[in-house]
Amino acid sequence: MELKANVPDGSLEKKWDRHRFELKLVNPANKRKYRILVVGTGLAGASAAATLAELGYEVEVFCFQDSPRRAHSIAAQGGINAAKNYANDGDSIWRLFYDTVKGGDFRSREANVYRLAQISVHIIDQCVAQGVPFAREYGGQLVTRSFGGTQVARTFYARGQTGQQLLLGAYQAMMRQVGAGKVRLRPRSEMLDLVVVDGRARGLVVRDLVSGELSVALGDAVVLATGGYGNLFYLSTNAKGSNVTAIWRAYKRGAAFGNPCFTQIHPTCIPVSGEYQSKLTLMSESLRNDGRIWVPQRQGDARPPSQIPENERDYYLERMYPSFGNLVPRDIASRAAKKVCDEGRGVGPGGLGVYLDFADAIRRLGENVIRDKYGNLFEMYERITDENPYQAPMRIYPAVHYTMGGLWVDYNLMSTVPGLYVIGEANFSDHGANRLGASALMQGLADGYFILPYTIGDYLARSRFEKIGPDRPEVRQARTDAETRIQRLLSVNGKRSVDSFHRELGRLMWDDCGMSRNEKGLQRALSRIPALREEFWRDVRVLGENEQLNQSLEKAGRVADFLEFGELVCRDALERRESCGGHFREEYQTPEGDPMRDDANLCHVAAWEYAGEDSPPKLNKEPLTFESVHLAQRSYQ
Amino acid sequence: MRLTLHVWRQKGPKDPGRIVTYDMPDVNPDMSFLEALDVLNERLIQRGEDPIAFDHDCREGICGACGMVINGIPHGPRRATTACQLHLRTFKDGDEIWVEPWRARAFPTIKDLVVDRSAFDRIIAAGGFVSVPTGSAPDGNALPVPKKVADLAMDAAQCIGCGACVASCPNGSAMLFVAAKVSHLGLLPQGRPERRDRARKMVEQMDREGFGACTNTGECEAACPKEIRLEFIARMNRDFLRGTFAERPEAE
């Protein structure tokens with residue numbers, strides 16, 4: 001497999017401008033002759049669908065939720081970055097670019113990240129014009145705040161519901177096109193396979209989740225905006241429905257999978273409370289602006305927090321990283337929390353928690369200011385834990401939150417299957433080995449509003465498409481494959497529920513491929529996953545039939561894919577013999593416990609290629625070259 | 001703790017449906033209500049019975065997917081809380097709990113607790129947006145928005161589109177949902193040019209979908225998990241009247 005990144009020549013600042021000029025255009029009158037299929041309606045999918053339809057393309061959009069407005073982008077809390085420098089604190093496109101490359105531990109593609117920083121400023125303008133009610137100063141100007149991994153205030157927000165407001169903006173733009181007849185909307189529809197004809201992505205196999213009917217949608221290009229795969233770990237901050245199926249099916253049809261082991265563990269989540277736990281809840285990173293993180297200095301100190309005097313507390317992030325303090329990037333904050341808990345200084349049930357304390361901020365600013373900034377987050381915390389964070393510190397612990405890995409794409413966001421574009425969290429993206437806070441919303445919208453709509457036109461203009469019908473052998477084959485799989489799932493008729501398999505896989509992944517990883521653990525996972533998968537196909541119990549709303553069947557298909565995909569994640573983690581960003585290999589650390597990268601041998605994107613059921617996947621490498629940035633040991637001290 | 005659940009079971013749109021009683025002898029008060037349903041479903045699967053179908057996704061109270069009437073109240077007894085954020089500690093040991101789907105003409109039942117809320121999407125498609133194509137926006141700070149106005153718009157914009165307002169209304173009206181969007185966009189300078197047209201088009205679509213009219217009962221405000229206020233309906237009525245009588249284009 002050849003990995004052509006297609007990064008344009010020229011200086012970093014000029015690449016995107018120049019590239020846009022070089023892209024071929026589709027004549028406005030011809031655009032309506034092209035049909036583009038978009039899967040997923042989060043920030044990336046909805047913004048792409050809206051923009052493509054505005055340009056004149058025929059668009060068909062699919063989501064598994066009952067409404068496109070429910071895609072998981074809706075749950076993003078903290079904010080969206082943009083290099084506007086409204087705060088006049090020294091921000092610039094270059095600084096956002098540099099922070100993002102450094103935050104990602106130098107494992108992202110320089111040109112992509114620079115383009116992202118350039119586009120960030122237009123995103124804010126677009127969203128404001130759509131009526132996104134961003135926070136404002138009394139004078140009417142937009143407010144910004146700071147976030148982890150940066151020393152400037154460049155994060156725009158709408159209370160603690162920024163993702164919701166941005167998504168509603170994109171959703172409404174898309175619904176305008178639905179009303180205008182340019183977008184055909186297909187909710188409660190799940191993509192089960194990709195249709196590839198003559199080496200190009202031409203369609204999808206889709207299951208109607210209400211009737212169970214399988215159908216084939218055909219078009220001239222396919223866009224996957226299907227989000228991340230954090231639910232591989234069962235417990236994560238992702239919505240229950242988030243899954244890997246769409247990109248995994250595309251992988252099995254020829255799309256390379258980039259850096260699957262780059263997963264992000266978010267430091268501030270509400271700790272697990274019991275066996276029945278179905279998901280974990282994030283407490284926005286923005287809380288680290290005013291909250292101070294600490295644990296008792298002494299091991300096993302069981303006193304309530306209010307009775308632990310100041311000099312017996314360890315504000316470990318402020319101690320270890322004086323210049324960034326509580327605002328170090330997520331991977332660093334998460335590992336530090338694990339470290340103090342491993343030392344026996346964790347708080348709460350099982351010692352798996354650290355305090356996030358607002359007492360100082362409340363003293364300094366008053367309760368009203370804190371309520372204004374974080375009120376809804378505090379309420380959510382209280383609702384879940386029954387504890388009042390205005391009075392006692394929050395207890396938090398890291399949890400799986402985001403996946404930097406995803407399908408490999410070139411500079412045009414096209415995968416290794418021509419005509420298959422991948423945007424948002426679903427692609428291996430611009431975040432390298434670790435994403436900075438408030439950058440996921442930025443990337444999703446940059447891809448959907450401002451990059452894909454240009455680049456996809458170039459592909460369409462350069463290609464010739466013959467009309468294909470549902471009778472093409474490739475189309476029929478994909479449909480039959482999906483049908484066979486469903487029948488197989490329904491006919492196992494074993495004893496164990498789908499959730500019990502999912503939970504077991506998740507625990508296994510968390511133990512052996514979670515916050516820190518080592519060769520022995522990864523080897524163990526690689527032998528246990530196939531055994532679990534075998535047991536799944538022998539003993540899973542999926543009740544009911546296909547021809548109805550059958551949520552067990554939906555879950556079963558997704559878990560079956562996770563059971564294959566988990567192996568690839570562990571394999572990638574094993575091959576990456578270095579520590580970088582969210583990927584911490586215990587064998588590769590300094591005597592002080594800091595991660596050690598191997599730039600000489602591993603400064604590349606690992607792009608895995610499917611080689612059939614019976615062969616191990618093939619590893620391809622896209623070397624990362626840094627022309628504008630010096631590769632440094634990441635330091636936040 | 002022990003709970004007895006009486007749950008609405010309905011195989012499909014044509015099935016008349018019925019209440020089925022399930023004993024939950026050993027639930028944990030720290031569970032969310034949906035986690036209790038998860039546990040029940042696991043048991044049903046073990047017994048070979050069809051698990052209860054219900055919509056849910058984020059389980060953080062923001063996606064708006066979940067929604068069920070719990071003891072006669074949409075999303076259950078706790079104020080400003082979605083079903084997914086409702087914890088069993090809200091109930092007492094030994095309580096009996098009735099669980100039913102949203103019931104409204106415009107929300108036909110699909111199965112068990114799952115209903116079809118696509119009417120909401122069609123209302124948004126009719127006018128719930130600002131007509132601003134990608135790429136045509138001025139600088140974000142070009143037009144100042146007073147903090148008070150932005151805050152009020154945000155209060156309205158918090159609507160999660162769950163449909164609790166409709167389920168709680170004796171008339172099955174969607175006025176609060178529509179008013180929240182009309183107010184959110186109409187308050188901001190960016191949304192003002194289309195303000196009255198928007199109200200008219202959205203209300204007309206609401207009527208076409210079979211939602212009832214508003215009689216100021218106020219149940220919707222009490223049931224809303226995001227505490228959207230009734231006063232937004234007054235705001236919408238103003239825009240609607242002007243849009244209908246003062247400015248209706250003759251050509252339509």
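The values are calculated or read from the model by the stated rules, or taken from the named source; none is laboratory data. Note that the structure is a prediction, hence the values are computed from the model and not measured. Ideal geometry is used to build each Cβ from the backbone, glycine not excepted, and the neighbour counts take in all protein chains shown.
Observations
- The one condition in (1) free of Cβ contacts under 8 Å to residues at least 40 places away in the same chain; (2) in contact with a strand residue (DSSP E or B) (Cβ under 7 Å, 6 or more places away or on another chain) that A:E466 fails to fulfil: (2)
- Here the range A:118-174 is the region considered, the condition is being of a type in the set (D, E, K, R) and within 25 Å of A:L317 (Cβ to Cβ), and the residue that is farthest from the other protein chains (Cβ to nearest Cβ) is A:R145.
- Taking first residues from the range A:340-368 that are within 21 Å of A:E310 (Cβ to Cβ) and partners that are surrounded by fewer than 20 Cβ atoms within 10 Å (Cβ to Cβ) and among the basic types (K, R), the Cβ contacts under 7 Å between residues at least 6 apart in sequence or on separate chains come to A:D357/A:R292; A:D360/A:R292.
- Taken as a whole, the range A:396-406 holds at least one residue that is more than 14 Å from chain B (Cβ to nearest Cβ), more than 27 Å from A:R597 (Cα to Cα) and touching a Cys at 6+ places or on another chain (Cβ under 9 Å).
This table checks each residue for (1) at pLDDT 95 or above; (2) within 22 Å of A:Y229 (Cβ to Cβ); (3) among the acidic types (D, E).
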{"position": "A:T480", "(1), (2), (3)": "yes, no, no"}
{"position": "A:L490", "(1), (2), (3)": "yes, no, no"}
{"position": "A:K495", "(1), (2), (3)": "yes, no, no"}
{"position": "A:E504", "(1), (2), (3)": "yes, yes, yes"}
{"position": "A:W510", "(1), (2), (3)": "yes, yes, no"}
{"position": "A:R517", "(1), (2), (3)": "yes, yes, no"}
{"position": "A:L522", "(1), (2), (3)": "yes, yes, no"}
{"position": "A:E534", "(1), (2), (3)": "yes, yes, yes"}
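- A search for C-beta distances below 7 Å between a residue of the range A:208-219 that is within 14 Å of another protein chain (Cβ to nearest Cβ) and under 13 Å from A:F62 (Cα atoms) and any residue that is among the hydrophobic types (A, V, I, L, M, F, W, C) and crowded, with 17+ Cβ neighbours inside 10 Å, counting only pairs 6+ apart in sequence or on different chains, returns A:L209/A:F64; A:L209/A:L549.
- Whenever a residue of the range B:116-131 is touching a residue at least 60 places away in the same chain (Cβ under 8 Å), its partners that are assigned to a loop (DSSP other than H, G, I, E, B) and not acidic (D, E), lying with C-beta atoms within less than 6 angstrom and at least six residues away or across chains, give the pairs B:A119/B:A106; B:V130/A:G131.
- Residue check, B:T4 of a type in the set (S, T, N, Q), out of contact with any helix residue (DSSP H, G or I) (no Cβ under 7 Å at 6 or more places or on another chain) and closer than 29 Å to A:Q161 by Cα: no
- Picking from residues in the range B:9-64 that are hydrophobic (A, V, I, L, M, F, W, C) and out of contact with any helix residue (DSSP H, G or I) (no Cβ under 8 Å at 6 or more places or on another chain), the one that is farthest from the other protein chains (Cβ to nearest Cβ) is B:I19.
- Residues of the range A:288-321 satisfying the condition of being in a helix (DSSP H, G or I) and surrounded by fewer than 12 Cβ atoms within 10 Å (Cβ to Cβ): A:S306, A:Q307, A:E310, A:N311, A:R319
- Condition check for B:D121: acidic (D, E) and in a loop (DSSP other than H, G, I, E, B): no
- Residue within the range A:580-587 that is of a type in the set (G, A, S), buried (at least 20 other Cβ atoms within 10 Å of the Cβ), assigned by TED's automatic domain parsing to the domain that holds A:R524 and not in a helix (DSSP H, G or I) present: yes
- Test: residue in the range A:304-314 that is within 14 Å of another protein chain (Cβ to nearest Cβ), at pLDDT 95 or above and more than 28 Å from A:Y636 (Cα to Cα): no
- Verdict on A:R488 being basic (K, R), away from chain B (no Cβ under 14 Å), within 22 Å of A:N243 (Cα to Cα) and in contact (Cβ under 8 Å) with a residue 12 or more places away in the chain: yes
- Some residue of the range A:588-595 being outside the structural domain of A:G254 (by TED's automatic domain parsing), aromatic (F, W, Y) and within 25 Å of the chain's Cα centre (by Cα): no
- You will find that of A:V540, A:V559, the residue that is in contact with a Gly (Cβ under 6 Å, 6 or more places away or on another chain), hydrophobic (A, V, I, L, M, F, W, C) and within 14 Å of chain B (Cβ to nearest Cβ) is A:V540 and no other.
Matching residues to (1) of a type outside the set (S, T, N, Q); (2) closer than 25 Å to A:V206 by Cα:
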residue: A:V417; (1), (2): yes, yes
residue: A:D430; (1), (2): yes, no
residue: A:Q443; (1), (2): no, no
residue: A:F450; (1), (2): yes, no
residue: A:T455; (1), (2): no, no
residue: A:L460; (1), (2): yes, yes
residue: A:S491; (1), (2): no, yes
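- Selection within the range B:121-135 - more than 7 Å from every other protein chain (Cβ to nearest Cβ) and either within 18 Å of the chain's Cα centre (by Cα) or closer than 15 Å to B:R200 by Cβ (or both): B:R122, B:I123, B:G127
- Unique match (being over 30 Å from A:A153 (Cβ atoms) and either surrounded by 24 or more Cβ atoms within 10 Å (Cβ to Cβ) or within 11 Å of another protein chain (Cβ to nearest Cβ) (or both)) among A:T100, A:T41: A:T41
- Looking across A:N85, A:N30, A:N81, one residue alone is on the phi > 0 side of the Ramachandran plot and modelled with pLDDT of 95 or more. It is A:N85.
- Scanning the range A:252-270 for residues that are assigned to a loop (DSSP other than H, G, I, E, B) and buried (at least 24 other Cβ atoms within 10 Å of the Cβ) yields A:A255, A:A256, A:N259, A:P260, A:C261, A:F262.
- Members of the range B:84-120 found to be within 15 Å of the chain's Cα centre (by Cα), among the charged types (D, E, K, R) and within 11 Å of chain A (Cβ to nearest Cβ), listed by number: B:D116, B:R117
- Within the range B:154-168, residues that are more than 13 Å from B:A223 (Cα to Cα) have Cβ atoms under 6 Å from residues that are hydroxyl-bearing (S, T, Y) in these pairs: B:A156/B:S183, counting only partners at least 6 apart in sequence or on another chain.
- Looking across the range A:229-245, the residues that are more than 14 Å from chain B (Cβ to nearest Cβ) and in contact with an Asp or Glu (Cβ under 8 Å, 6 or more places away or on another chain) come down to A:V244, A:T245.
- Within the range A:550-563, not a single residue is surrounded by fewer than 22 Cβ atoms within 10 Å (Cβ to Cβ) and modelled with pLDDT under 95.
Let's see how each residue does on (1) surrounded by fewer than 16 Cβ atoms within 10 Å (Cβ to Cβ); (2) in a helix (DSSP H, G or I); (3) among the acidic types (D, E):
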| position | (1), (2), (3) |
| --- | --- |
| A:Q277 | no, no, no |
| A:L280 | no, no, no |
| A:S286 | no, yes, no |
| A:S323 | yes, no, no |
| A:N326 | no, yes, no |
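- In the range B:37-62, the qualifying residues are those that are under 24 Å from B:A223 (Cα atoms) and among the aliphatic types (A, V, I, L, M), and the one that is surrounded by the fewest Cβ atoms within 10 Å (Cβ to Cβ) is B:A53.
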